[in-house]
Amino acid sequence: MESGTRARLVMSPEVAELRKRYVTKKKADLLEQTIGDKRLPKNNTKFNFAGIMAASLPLIILTGLQVYQEMQEHGYSFEHFYQTHFGSGVSSTTHKRPDQLKEWGGKVLPNGYKGDGIHRRLRLNKNEYLKLYDAKWPVMVTGVVKHWRAMNWSAEFLYSYYGQEKVTVKRVRGKSKTANEVIVKLEKFYKSRDNVSTERWALTEDSTFFYRNPELTMDIGKFEYIQENLFGRFPEHLQPWEEQLQWGTAFSKSTLQMDPYNRTSLHFVLSGKKEWKLYSPGHDAYLYASARPTPDMPLRVLRYTSPIDAFSPDYSRYGLFRNAVAMDVMQGAGELLIIPAGWYYQGRNAEDTLAVCVGLMTENNHDTVLEEILKEGHVEEVHLPENYEAYAPEEKVDLVMSLMPPQVIEAAKLIRKEALRRVSRSRR
């Protein structure tokens, strides 16, 4: 070889043909992995993916601008939504497991699924619940609550024995239909349950009632489908209020919301009837959802709520809500409704209804609860070990709680005391 000239590898025709086939196969495999399409045709015709995208780009831009303009007109900000769900660097729990959330019994439900998608199960066993429903899909269970002693509670019982106890009541008076929150004696709420209408109703949603009257919790049975509510592993002052008293007149209704901590919520109806509207994860934009602190929770986290009344929506203000797909179900006395993490819900009492709500942290939803705590910045993710994801659920909870700063614990003590003091000092 002469000095200054490069050596050039000359392939034989056989080697060149093999290389050509190899490159063609690799391109086809790559294309199949990226866009889920079939392999390249035998004649090696190129798939004009870029051309299709270029032709679709104007339509995509126009659609995006139209949605953005409508959201801006109604006061909903993409920037606010992004900061709420992604600003801390923690992935949004409502978009974490889309395939799992659509799956039920090994069968993927079609997009835009409508109708009564909430299954009623009689004597659902533990294995079925954990496999098919826990942290996946709502379910109405019958035959679970009827043996509880709490099923013997009545309006007269609570009035007679707990009438002097104070409770938090949300009530509507007048055509504005705006609910005001007040603290009154239970006997006053009991006596205000007559002459109700869509413009006049009252709803007790009190998170400290059972904490102040622990003997009543003995009448509430245990949830037999889980071994442990992992909230019990929190230090005492950081534990959320476990049970909530929900007693409402006909026409009363809750806010359209996601449960605090993005936890699983259990709703037991002891007497009366309750209507429900549930919205699966990913509905945030259609519901104009926003995040606000939970002032009554000892360990503060964000709470996701919607300004929309799903039972009487104002489409002139919330046009995107037309795209929301609700699952409707009626719950009667003795039935249990289980709503998984990440689902928005609103309940309306069809008649005078007494119910109990319990929040759960389980093996299957513990990650979503811990993500909400990390998102609030109580514990910085940099302090978690690299193999954190490999920890067992109980170990994750114990670790995060052990890293909780002293000032957070002290703040939780003050919040708990203030919540109890606020009820006791009310003069109503």
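The values are calculated or read from the model by the stated rules, or taken from the named source; none is laboratory data. Here the structure is a predicted model, which is why all the values come from computation and not from measurement. Using ideal geometry, Cβ is built from the backbone for each residue, glycine included, and neighbour counts are taken over all protein chains shown.
The table below lists the values:
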{"read-out": "Total residues in region 196-222, condition of a type in the set (A, V, I, L, M) and more than 11 Å from R171 (Cβ to Cβ)", "value": "3"}
{"read-out": "Output for region 189-212, where each listed residue is small (G, A, S) and not in a loop (DSSP other than H, G, I, E, B)", "value": "S197, A202"}
{"read-out": "Some residue of region 385-393 being touching a residue at least 24 places away in the same chain (Cβ under 8 Å), surrounded by fewer than 17 Cβ atoms within 10 Å (Cβ to Cβ) and in a helix (DSSP H, G or I)", "value": "no"}
{"read-out": "Region 365-383: number of residues that are in a loop (DSSP other than H, G, I, E, B) and either over 19 Å from Q407 (Cα atoms) or not assigned by TED's automatic domain parsing to the domain that holds I409 (or both)", "value": "1"}
{"read-out": "Residue within region 304-311 that is assigned to a strand (DSSP E or B) and within 15 Å of G347 (Cα to Cα) present", "value": "yes"}
{"read-out": "Index of the failed condition, P295 passing every other in (1) touching a strand residue (DSSP E or B) at 6+ places or on another chain (Cβ under 7 Å); (2) farther than 24 Å from E335 by Cβ", "value": "(1)"}
{"read-out": "P293 in contact with a His (Cβ under 7 Å, 6 or more places away or on another chain) and either basic (K, R) or modelled with pLDDT under 95 (or both)", "value": "no"}
{"read-out": "Of all residues making up region 213-244, the number that are part of a loop (DSSP other than H, G, I, E, B) and in contact with a His (Cβ under 8 Å, 6 or more places away or on another chain)", "value": "1"}
{"read-out": "Residue in region 294-311 that is surrounded by fewer than 20 Cβ atoms within 10 Å (Cβ to Cβ), free of Cβ contacts under 8 Å to residues at least 40 places away in the same chain and touching a helix residue (DSSP H, G or I) at 6+ places or on another chain (Cβ under 6 Å) present", "value": "yes"}
{"read-out": "Filter result for the condition that a residue is in contact with a helix residue (DSSP H, G or I) (Cβ under 8 Å, 6 or more places away or on another chain), of a type in the set (A, V, I, L, M) and over 23 Å from A179 (Cβ atoms), over L245, L287, L266, L230", "value": "L230"}
{"read-out": "Some residue of region 355-367 being at pLDDT 95 or above and touching a Gly at 6+ places or on another chain (Cβ under 8 Å)", "value": "yes"}
{"read-out": "Test: residue in region 250-258 that is in the same structural domain as V144 (by TED's automatic domain parsing), touching a helix residue (DSSP H, G or I) at 6+ places or on another chain (Cβ under 7 Å) and of a type outside the set (V, I, T)", "value": "no"}
{"read-out": "Residues of region 339-353 classified as more than 24 Å from A285 (Cβ to Cβ) and either surrounded by fewer than 23 Cβ atoms within 10 Å (Cβ to Cβ) or not assigned by TED's automatic domain parsing to the domain that holds S280 (or both), total", "value": "3"}
{"read-out": "Failed criterion for Y388 (all others in (1) more than 25 Å from W137 (Cβ to Cβ); (2) touching a Pro at 6+ places or on another chain (Cβ under 9 Å); (3) of a type in the set (S, T, Y) hold)", "value": "(2)"}
{"read-out": "Unique residue being within 30 Å of L230 (Cα to Cα), in contact with a strand residue (DSSP E or B) (Cβ under 9 Å, 6 or more places away or on another chain) and among the acidic types (D, E) when the list is E351, E363, E335", "value": "E335"}
{"read-out": "Qualifying residue in region 413-427 (condition: part of a loop (DSSP other than H, G, I, E, B) and at pLDDT 95 or above)", "value": "no"}
{"read-out": "Within region 214-264, considering residues that are of a type in the set (K, R) and in contact (Cβ under 8 Å) with a residue 40 or more places away in the chain, the one surrounded by the fewest Cβ atoms within 10 Å (Cβ to Cβ)", "value": "R233"}
{"read-out": "Some residue of region 354-363 being under 24 Å from the mean Cα position of the chain (by Cα) and surrounded by fewer than 18 Cβ atoms within 10 Å (Cβ to Cβ)", "value": "yes"}
